[in-house]
Ligand code: UDP
């Protein structure tokens, strides 16, 4: 049996590998000139710095199977993301923790005192926060919200936080200790040789072929027994119901001799600074030594038709359009829609791998009369 897998990012690669190991021949195509989708990494020709070409990617998970799977294909170096933010003329630690709170309010509180203090700032009239703004006002109060979240979120999403769902802010913890590790997961790291090397190892199997700079056409699907589509869901249907909205990112690259900012990611909370954050790539590989430094200033804007889609917007309008595309997708027996673009959801890398493993397992089981993989 032959599978066509559209997209050589994490979803496509993991599905191809899992299927190939079960005896399927997998033709993987990608329209870009490289594998690994948006987690693609590449060494800068001048400095040798490993660049996270489409923005910062830190692998973090609580899923021991996914962690073991990723470690089969790459050597991971432990890495904790210690994000800083510049706001109102000072540099603070994120996610909001006891250091941030004490520094911001000029206090020396312990955890219990800080908890009571923040509680006194919280707007208790909001019982069930529905929007990003309500969630912030309910849990951190107005001052911290306006310093760290309001301006950043307006820049990132191009709308008011009162128009966004509370779930976006729920990605971030609020801590009453000095833990400044951005992610609260057990396993965290970055592949020593970058993500592209990892995805290349996943795709390295005698029953997998990869064709880059190759656009999909329906004849390819006809030649295959099944298709896994990790491209944009609306793109599969030629956008016939309209376009699902995305935010795209622009990276303004600049070089610096030595060390520019002393950390990998510096956010900018003030609304009058047009970029959301600056990433200094050499800090993603602290085990390497490079003379020069390459940084990206990151700007967010609505994606035009030709732009790379990054963040699915998923507001009310997009969700109703999504529901109609999902109906169309369900009627496609021969095609399974996978990944961030194929399902129009914001997925972390670990969830992407988990879903790809599960999707491949379910597919193989369906073909073999329900046998477990
Ligand atoms: N956010 C913010 N200020 C920050 C960092 C994040 O307001 O300094 C908000 C922003 O709306 C973002 C959301 O919190 O989309 C989730 O943050 P996360 O770091 O998970 O962003 P992502 O990984 O989606 O870029």
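Please treat every number below as a calculation from the coordinates, not as lab data. Note that this is a predicted model, so its numbers are computed, not measured. Note: ideal-geometry Cβ built from the backbone for every residue, glycine included; neighbour counts use all protein chains shown.
Just one of the listed residues (3, 10, 94, 80) is under 30 Å from residue 361 (Cα atoms) and within 19 Å of the chain's Cα centre (by Cα), namely 10. The condition of being part of a helix (DSSP H, G or I), under 22 Å from residue 4 (Cα atoms) and away from the ligand (no atom under 16 Å from the Cβ) holds for only one of 361, 323, that being 361. Among the criteria (1) within 21 Å of residue 366 (Cβ to Cβ); (2) surrounded by fewer than 24 Cβ atoms within 10 Å (Cβ to Cβ); (3) in contact with a helix residue (DSSP H, G or I) (Cβ under 7 Å, 6 or more places away or on another chain), the one residue 40 does not fulfil is (1).
Checking the stretch 190-200 against the condition returns a match, with at least one residue being under 17 Å from residue 35 (Cα atoms), within 16 Å of the ligand (Cβ to nearest atom) and within 19 Å of the chain's Cα centre (by Cα).
For the condition under 28 Å from residue 315 (Cβ atoms) and in a strand (DSSP E or B), residue 249 qualifies. Identification of helices (runs of 4 or more DSSP H) wholly contained in the stretch 94-146 with 3 or more residues that are away from the ligand (no atom under 16 Å from the Cβ) yields 98-105, 111-121.
Does residue 247 satisfy the condition of being within 13 Å of the ligand (Cβ to nearest atom), under 22 Å from residue 347 (Cβ atoms) and either surrounded by 14 or more Cβ atoms within 10 Å (Cβ to Cβ) or in contact (Cβ under 8 Å) with a residue 12 or more places away in the chain (or both)? The answer is yes for residue 247. Looking only at residues in the stretch 147-172 that are touching a helix residue (DSSP H, G or I) at 6+ places or on another chain (Cβ under 9 Å) and without any contact (Cβ under 8 Å) to a residue 24 or more places away in the chain, the one that is surrounded by the most Cβ atoms within 10 Å (Cβ to Cβ) is 153.
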